[in-house]
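K.L.:
Sharing a structure below in structure tokens format, with a few things to ask.
The values are calculated or read from the model by the stated rules, or taken from the named source; none is laboratory data. Everything numeric here is computed off the predicted structure, so don't read it as measured data. A quick note on method: Cβ atoms are made from the backbone with ideal geometry, for glycine too, and the neighbour counts reach across all protein chains shown. Ligands, DNA and RNA are excluded from the accessible area calculation, which covers all protein heavy atoms including side chains. Shrake-Rupley method; radii C 1.70, N 1.55, O 1.52, S 1.80 Å.
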Number of protein chains: 2
Amino acid sequence: MGAAAIDVEYYPQENDRARLALSTCNVVFGNPPAAWLTDATRVQFVQLESAGFGEYLSLAPIALARRLKIANLKGFFAEPVAESILAGILSHFRGIGALARLQERIRWVGDDLRPHLRTLKGAAVVLFGNGDINNRLSEMLVPFGCSVRRFGRGWVSAELNSALSVADVLVCTVPHTAETSGLFDRALIEQLKAGALFVNFGRGSLVDENALADALDSGRLGGAVIDVTSEEPLPLEHRFWNCPNLLLTQHTGGGTADEIDRKIDVFLANLTRYRSGEEPLGLIDFQRGY
Amino acid sequence: MGAAAIDVEYYPQENDRARLALSTCNVVFGNPPAAWLTDATRVQFVQLESAGFGEYLSLAPIALARRLKIANLKGFFAEPVAESILAGILSHFRGIGALARLQERIRWVGDDLRPHLRTLKGAAVVLFGNGDINNRLSEMLVPFGCSVRRFGRGWVSAELNSALSVADVLVCTVPHTAETSGLFDRALIEQLKAGALFVNFGRGSLVDENALADALDSGRLGGAVIDVTSEEPLPLEHRFWNCPNLLLTQHTGGGTADEIDRKIDVFLANLTRYRSGEEPLGLIDFQRGY
């Protein structure tokens, strides 16, 4: 159809050759370091392979000045992440983590575990984050008759505090932004109802990890399901490895067997749009900042 | 109100004193050995503290002749068991068991786990058992858009076989009866689709445990969530402890922190009905056998 040939190069590692290659290309599929894009003046379109894009927000002036378009995978991970969140919540209420560990030790406890189990039905749930993941999770929670409160951009602190004080479960799915970074400090964690479950599948920067570890170690919080941490892989000496009732899901929330194929499908569809002069789908709005 | 005083005795152990006591009382709360009730001719009403009552079916002639009424806790465990089942299914699809074990070893795998994860959405599910648990589970599965086939008493073998051959998940919640005992033998387990998840929260007698262990060890089945086994506690040398992708929930499915209180509430309500000449709720129908 007269389309120009595409010259494709693949760089699996972040190294000097990859950085140099960026200076010669127009389209990028993947998540190069944001700083590399500052100098790569020929790049016109970047398809990230993540939903998160906090590390690219610093590019806003360049992206706006240069008309650099960056698309993220908005919505792409909603199903697997929401399923991982519900798996984590139900595992906490039904003792699955403890049972898996007992099985490793070939140890039967049986009946004595039962008084430690609870049901999710009717629980008070706070969903912090107004995006696709919590939309999908809300649907999954309907049969449980939970009382759900949602907060997103523009939340009112007094209302959030009041909801946290009665929540059995808090689910955080917010991106890294100036407003969310460090938001759950010691004071806000202390607002949570005693025995509550803290779930974070957004970004690790949201939470004061030492304060959360303290709240779990002291038994004030009932548990946590943590997919994202300030440093990944989580350092061996990090307190989260050994906090009671904390399940680490190792940033697997979005994973599926067909993940790579589906990502390539999104990229190819957007590449086709880009080459035909159409706007790619899922562009980050640098004016708005998200 | 003129009601006669109630003489209450409590026997925490199955011993001679407890057996002797049965011969003097009219009402029993708990699950005494079925054989004891054969001789305990004064007993008129037994409130079991279980939903299962397979071990009391042999009493049918006595119960019918003597007008002995036995109530089970029908429906009592539907919520916690259905939640444990969904917890087990989602844990399998989202790798929670493997993550819990990695955490024990302080081992980060992260991204390399993602291709092993799947989503429940749209899966083909066979629910074997037409009682309260699968009723509740059906409700919980609605948001996942699964294609659900249900079978219960009077199932047609050819239809069950055909459904098993395309099922991603099989959930068994049937009681121990003459028809279900040993039903899932090697031949029926081989009917299951390769990679399927086998879930049993009914009774252990349903399954040829060696055949199931073989199917897991060979990798033909994708996994299992097993709450009930032919022998409980599960013997230390049992193959299930070490089968790949088998999660043992140690007959905790019905457990909740308020379980005992709720059981006592049911008993007291039925005791009131019994004393006022009303029919207790949840009586086992010995004519029908379930």
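K.L.:
How about the range B:167-199: which of its residues are acidic (Asp, Glu) and either in contact with a helix residue (DSSP H, G or I) (Cβ under 6 Å, 6 or more places away or on another chain) or more than 25 Å from residue B:53 (Cβ to Cβ) (or both)?
P.N.:
B:168, B:190
K.L.:
Let me ask another. Is there a residue in the range B:106-124 that is in contact with a Pro (Cβ under 6 Å, 6 or more places away or on another chain) and aliphatic (A, V, I, L, M)?
P.N.:
Within the range B:106-124, not a single residue is in contact with a Pro (Cβ under 6 Å, 6 or more places away or on another chain) and aliphatic (A, V, I, L, M).
K.L.:
Limited to the range A:6-52, what total is found for residues that are open to solvent by less than 60 Å² (accessible area, probe 1.4 Å) and modelled with pLDDT under 90?
P.N.:
Within the range A:6-52, residues that are open to solvent by less than 60 Å² (accessible area, probe 1.4 Å) and modelled with pLDDT under 90 number 1.
K.L.:
Moving to a separate point now. Residues in the range A:192-201: is at least one open to solvent by less than 40 Å² (accessible area, probe 1.4 Å) and farther than 17 Å from residue A:225 by Cα?
P.N.:
No - not one qualifying residue is present in the range A:192-201.
K.L.:
Next question, about the same structure. Does residue A:120 count as within 12 Å of chain B (Cβ to nearest Cβ), assigned to a loop (DSSP other than H, G, I, E, B) and touching a residue at least 24 places away in the same chain (Cβ under 8 Å)?
P.N.:
Numbers: within 12 Å of chain B (Cβ to nearest Cβ): yes; assigned to a loop (DSSP other than H, G, I, E, B): yes; touching a residue at least 24 places away in the same chain (Cβ under 8 Å): yes.
Spelling it out, residue A:120 is indeed within 12 Å of chain B (Cβ to nearest Cβ), assigned to a loop (DSSP other than H, G, I, E, B) and touching a residue at least 24 places away in the same chain (Cβ under 8 Å).
K.L.:
Specify which of the listed residues (A:258, A:265) is more than 9 Å from every other protein chain (Cβ to nearest Cβ) and open to solvent by 10 Å² or more (accessible area, probe 1.4 Å). Break it down into steps so the answer makes sense when it comes.
P.N.:
Details: A:258 fails: more than 9 Å from every other protein chain (Cβ to nearest Cβ).
So the residue among A:258, A:265 that is more than 9 Å from every other protein chain (Cβ to nearest Cβ) and open to solvent by 10 Å² or more (accessible area, probe 1.4 Å) is A:265.
K.L.:
Would you pick out the residues in the range A:54-85 that are part of a helix (DSSP H, G or I), within 14 Å of chain B (Cβ to nearest Cβ) and of a type in the set (A, V, I, L, M)?
P.N.:
Within the range A:54-85, A:78, A:81, A:82, A:85 qualify.
K.L.:
Let me ask something additional. In this structure, is residue B:90 at the interface with chain A (Cβ under 7 Å from one of its Cβ atoms), buried (at least 19 other Cβ atoms within 10 Å of the Cβ) and in contact with a strand residue (DSSP E or B) (Cβ under 7 Å, 6 or more places away or on another chain)? Quick ask: steps written out before the conclusion?
P.N.:
On the way: at the interface with chain A (Cβ under 7 Å from one of its Cβ atoms): yes; buried (at least 19 other Cβ atoms within 10 Å of the Cβ): yes; in contact with a strand residue (DSSP E or B) (Cβ under 7 Å, 6 or more places away or on another chain): no.
No, not satisfied.
K.L.:
Next question, about the same structure. Mind counting the residues in the range B:103-115 that are within 7 Å of another protein chain (Cβ to nearest Cβ) and in a helix (DSSP H, G or I)?
P.N.:
The total comes to 6.
K.L.:
A follow-up question, please. Is at least one residue of the range B:211-233 open to solvent by 20 Å² or more (accessible area, probe 1.4 Å) and among the polar types (S, T, N, Q)?
P.N.:
yes
K.L.:
Filtering the range A:245-290 down to residues that are among the small types (Gly, Ala, Ser) and part of a loop (DSSP other than H, G, I, E, B), which residue is nearest to residue B:100 (Cα to Cα)? I'd like the intermediate steps shown before the answer.
P.N.:
In the first step, residues of the range A:245-290 are kept if they are among the small types (Gly, Ala, Ser); the result is A:253-255, A:257, A:269, A:276-277, A:282, A:289.
Next cut, part of a loop (DSSP other than H, G, I, E, B) only: A:253-255, A:257, A:276-277, A:282, A:289.
Details: A:253: 14, A:254: 18, A:255: 17, A:257: 20, A:276: 48, A:277: 48, A:282: 34, A:289: 36 Å.
Filtering the range A:245-290 for residues that are among the small types (Gly, Ala, Ser) and part of a loop (DSSP other than H, G, I, E, B), the one nearest to residue B:100 (Cα to Cα) comes out as A:253.
K.L.:
Let me ask something additional. Which condition number does residue B:278 fail, the rest of (1) without any contact (Cβ under 8 Å) to a residue 24 or more places away in the chain; (2) of a type outside the set (A, V, I, L, M); (3) facing chain A (nearest Cβ under 10 Å) being met?
P.N.:
(3)
K.L.:
Which count do you get for residues in the range B:118-171 that are more than 20 Å from residue B:222 (Cα to Cα), over 18 Å from the mean Cα position of the chain (by Cα) and of a type in the set (Gly, Ala, Ser)?
P.N.:
Qualifying residue count for the region: 4.
K.L.:
Inspect the range A:273-285 for any residue being in contact with an Asp or Glu (Cβ under 9 Å, 6 or more places away or on another chain) and either modelled with pLDDT of 95 or more or open to solvent by less than 60 Å² (accessible area, probe 1.4 Å) (or both) and give the result as yes or no.
P.N.:
yes
K.L.:
Could you go through the range B:40-53 and let me know if any residue there is touching a strand residue (DSSP E or B) at 6+ places or on another chain (Cβ under 9 Å), outside any loop (DSSP other than H, G, I, E, B) and under 30 Å from residue A:234 (Cα atoms).
P.N.:
no
K.L.:
Sticking with this one: If you scan the range A:93-105, which residues turn out to be in contact (Cβ under 8 Å) with a residue 24 or more places away in the chain and open to solvent by 10 Å² or more (accessible area, probe 1.4 Å)?
P.N.:
A:97
K.L.:
Same structure again: Out of the range B:136-166, which residues are in contact with a helix residue (DSSP H, G or I) (Cβ under 7 Å, 6 or more places away or on another chain), surrounded by fewer than 19 Cβ atoms within 10 Å (Cβ to Cβ) and away from chain A (no Cβ under 14 Å)?
P.N.:
Selection gives B:149, B:150, B:161, B:165.
K.L.:
So, in the range B:51-97, exactly how many residues are charged (D, E, K, R) and on the phi > 0 side of the Ramachandran plot?
P.N.:
Adding up the residues that qualify gives 1.
K.L.:
Return the residue satisfying two criteria in turn: it lies in the range B:123-135 and is farther than 17 Å from residue A:117 by Cβ and in contact with a helix residue (DSSP H, G or I) (Cβ under 6 Å, 6 or more places away or on another chain), and of such residues it is farthest from the other protein chains (Cβ to nearest Cβ).
P.N.:
If we take residues in the range B:123-135 being farther than 17 Å from residue A:117 by Cβ and in contact with a helix residue (DSSP H, G or I) (Cβ under 6 Å, 6 or more places away or on another chain), then B:126 is farthest from the other protein chains (Cβ to nearest Cβ).
K.L.:
Looking at the range B:234-245, which of the residues that are within 8 Å of another protein chain (Cβ to nearest Cβ) and open to solvent by less than 10 Å² (accessible area, probe 1.4 Å) is nearest to residue A:110 (Cα to Cα)?
P.N.:
So, considering only residues that are within 8 Å of another protein chain (Cβ to nearest Cβ) and open to solvent by less than 10 Å² (accessible area, probe 1.4 Å), the one nearest to residue A:110 (Cα to Cα) is B:234.
K.L.:
Please find, within the range A:225-246, the residue that is nearest to residue A:175 (Cα to Cα) out of those that are under 13 Å from the mean Cα position of the chain (by Cα) and of a type in the set (Asp, Glu).
P.N.:
A:227
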